[in-house]
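*Asks:* Here it is, the structure in full.
The values are calculated or read from the model by the stated rules, or taken from the named source; none is laboratory data. No experiment lies behind these values; they were computed from the predicted model shown. Positions of Cβ are backbone-derived with ideal geometry, glycine not excepted, and every protein chain shown enters the neighbour counts. Accessible surface areas use protein heavy atoms only, side chains included; no ligands, DNA or RNA. Shrake-Rupley method; radii C 1.70, N 1.55, O 1.52, S 1.80 Å.
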Amino acid sequence: MRLFSKLVCFGVFSAVSMFLNTLTPKFYVALTGTSSLISGLILIFEWWYFRKYGTSFIEQVSVSHLRPLLGGVDNSSPNSSSSSSSNGDADSSRQSVSECKVWRNPLNLFRGAEYNRYTWVTGREPLTYYDMNLSAQDHQTFFTCDSDHLRPADAIMQKAWRERNPQARITAAHEALDLEDCATAYILLAEEEATTIVEAEKLFKQALKIGESCYRRSQQLQHHGAQYEAQHRRDTNVLVYIKRRLAMCSRKLGRTREAVKMMRDLMKEFPLLSMFNIHENLLESLLELQNYADVQAVLAKYDDISLPKSATICYTAALLKARAVSDKFSPEAASRRGLSTAEMNAVEAIHRAVEFNPHVPKYLLEMKSLILPPEHILKRGDSEAIAYTFFHLQHWKRVEGALNLLHCTWEGSDFTDSRDVIVSSVHTDLFRAG
């Protein structure tokens, strides 16, 4: 039997070798030409699809169909409780979230009420095409599902989120509202058509009524199949987004305590939806209230090694440590007597923050000019530094001596992890300042 198998294998190998030897150069030329033609057709189709829908066809196929086959996350499996089903994706995303480099800016401005002011004054666009394309992909992920084609208003909004022209999106939202009340249509109008925060808040409140009704209805039906579960997941994302933006409206209109309460309630109701980074909105609002004890409590929960870091987390921790010593800090005195324990803790916290994102100090110290923050940020990059400083510079200025301590510590930083080397570099910098 073994001898027969070897003879069969030898025969097959001989046949393949003979076939390859009979191939002429014309065959290889034809093969190369055919593959080039197919590649060109794929490139043209990909370009056309991207121009029409604002996203890559190959990327969509890979994420939607190939990833589950290769062992990716399966979003269609039912969960045992309503809370776990509504937050199932967030739980799985938390495991891979540290791998993500480009994040949605948690404090992103409103396009109609804030970004468009820059356009009215300068005639220029405040956002890049790449940034808006990422937002379009986010909107399609958060606000659409596979069953939208069954509801006329949702079907219109599914196309609206893909539109590149802002006026076309706004027109589509009005068309959807002419058919029926639609939460996502109100969201689009609040984000892009409202010219003031007050107008945006009114539209978001209308969206909230519809969003809560849809959420309760889909919550009861979520276990009836994969389609209902996907719809409930979408309704959950819509509801969380609306409540978060309403809290941001309250913060921008000066009702900071109300905003803090709304954010706390939202984090308590949906504790696993970390993809929205609501805790960063909460930190900024608490800093505005100068409620530093609550800021420390939030940091203690989210400044964890198992969770992804951000400039907001690292620099807010540094600010709290600096606040304890910055009002009495003097480089001359420190160079003579050495650093106290509290000062050393503040210095190490600043080093840790600067090591995470070295671009922030130049903006906090106003060595570089600020621009409007983008809707998406690159972790540890210049865009994250701009977004952080745009909202938090006032909090650093409010703490007496904090920027001075940051300046003294930041200059000559060598970004090492050794405590002894850090101490040495800080002492050297203090002597220079002295």
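*Asks:* Which of the residues belonging to the stretch 316-343 are aliphatic (A, V, I, L, M), open to solvent by 30 Å² or more (accessible area, probe 1.4 Å) and under 24 Å from LEU286 (Cβ atoms)?
*Replies:* Within the stretch 316-343, ALA324, ALA342 meet the criteria.
*Asks:* Mind telling me which of the residues GLU59, GLU46 ends up being at pLDDT below 75, assigned to a helix (DSSP H, G or I), outside the structural domain of TYR130 (by the TED database) and acidic (Asp, Glu)?
*Replies:* GLU59
*Asks:* Oh, and also: Which of the numbered conditions does MET275 fail, given that it passes all the others? Conditions: (1) modelled with pLDDT of 90 or more; (2) of a type outside the set (Ser, Thr, Tyr); (3) not assigned by the TED database to the domain that holds GLU375.
*Replies:* (1)
*Asks:* Mind listing whichever residues of the stretch 349-368 are farther than 16 Å from GLU411 by Cβ and either open to solvent by 30 Å² or more (accessible area, probe 1.4 Å) or of a type in the set (Gly, Ala, Ser) (or both)?
*Replies:* Matches in the stretch 349-368: ALA349, ARG352.
*Asks:* Can you tell me which residue is modelled with the lowest pLDDT among those in the stretch 284-315 that are under 17 Å from the mean Cα position of the chain (by Cα) and surrounded by fewer than 22 Cβ atoms within 10 Å (Cβ to Cβ)?
*Replies:* It comes out as LEU307.
Per-residue answers, yes or no, for (1) modelled with pLDDT of 90 or more; (2) within 26 Å of VAL102 (Cβ to Cβ); (3) open to solvent by less than 10 Å² (accessible area, probe 1.4 Å):
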site: THR389; (1), (2), (3): yes, yes, yes
site: HIS395; (1), (2), (3): yes, yes, yes
site: ARG398; (1), (2), (3): yes, no, no
site: GLU411; (1), (2), (3): no, no, no
site: ASP417; (1), (2), (3): no, no, no
site: VAL421; (1), (2), (3): no, no, no
site: SER425; (1), (2), (3): no, no, no
site: LEU430; (1), (2), (3): no, no, yes
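*Asks:* So which pairs qualify, if the first residue must be in the stretch 353-371 and under 20 Å from ARG398 (Cβ atoms) and outside any helix (DSSP H, G or I), the second must be open to solvent by 40 Å² or more (accessible area, probe 1.4 Å) and of a type outside the set (A, V, I, L, M, F, W, C), the Cβ gap must be under 7 Å, and the two must be at least 6 apart or on different chains?
*Replies:* LEU365/HIS407
*Asks:* Among the residues of the stretch 239-248, is any part of a helix (DSSP H, G or I), charged (D, E, K, R) and more than 25 Å from GLN140 (Cβ to Cβ)?
*Replies:* No, the conditions are met nowhere in the stretch 239-248.
*Asks:* Would you confirm, using the coordinates I've provided, whether ALA346 is open to solvent by less than 10 Å² (accessible area, probe 1.4 Å), modelled with pLDDT under 90 and part of a helix (DSSP H, G or I)?
*Replies:* yes
*Asks:* If you don't mind, there's one more thing I want to ask. Here is a list of conditions, (1) touching a helix residue (DSSP H, G or I) at 6+ places or on another chain (Cβ under 9 Å); (2) open to solvent by 40 Å² or more (accessible area, probe 1.4 Å); (3) under 22 Å from ALA113 (Cα atoms), and LEU239 meets all of them except one; can you say which number that is?
*Replies:* Answer for LEU239: the failing condition is (2).
*Asks:* Can you name the number of the only condition in (1) at pLDDT below 90; (2) surrounded by 15 or more Cβ atoms within 10 Å (Cβ to Cβ); (3) of a type in the set (Phe, Trp, Tyr) that TYR130 fails?
*Replies:* (2)
*Asks:* Considering GLN231, GLN227, which residue is open to solvent by 80 Å² or more (accessible area, probe 1.4 Å), out of contact with any Leu (no Cβ under 7 Å at 6 or more places or on another chain) and either under 24 Å from ALA247 (Cα atoms) or outside the structural domain of LEU372 (by the TED database) (or both)?
*Replies:* From the options GLN231, GLN227, the qualifying one is GLN227.
*Asks:* Here's something else I'd like to know. Got a number for residues in the stretch 173-190 being of a type in the set (Ser, Thr, Tyr) and open to solvent by less than 10 Å² (accessible area, probe 1.4 Å)?
*Replies:* The total comes to 1.
*Asks:* Determine whether TRP120 is buried (at least 16 other Cβ atoms within 10 Å of the Cβ) and either modelled with pLDDT under 90 or hydrophobic (A, V, I, L, M, F, W, C) (or both).
*Replies:* Considered against the rule, which asks whether it is buried (at least 16 other Cβ atoms within 10 Å of the Cβ) and either modelled with pLDDT under 90 or hydrophobic (A, V, I, L, M, F, W, C) (or both), TRP120 comes out as no.
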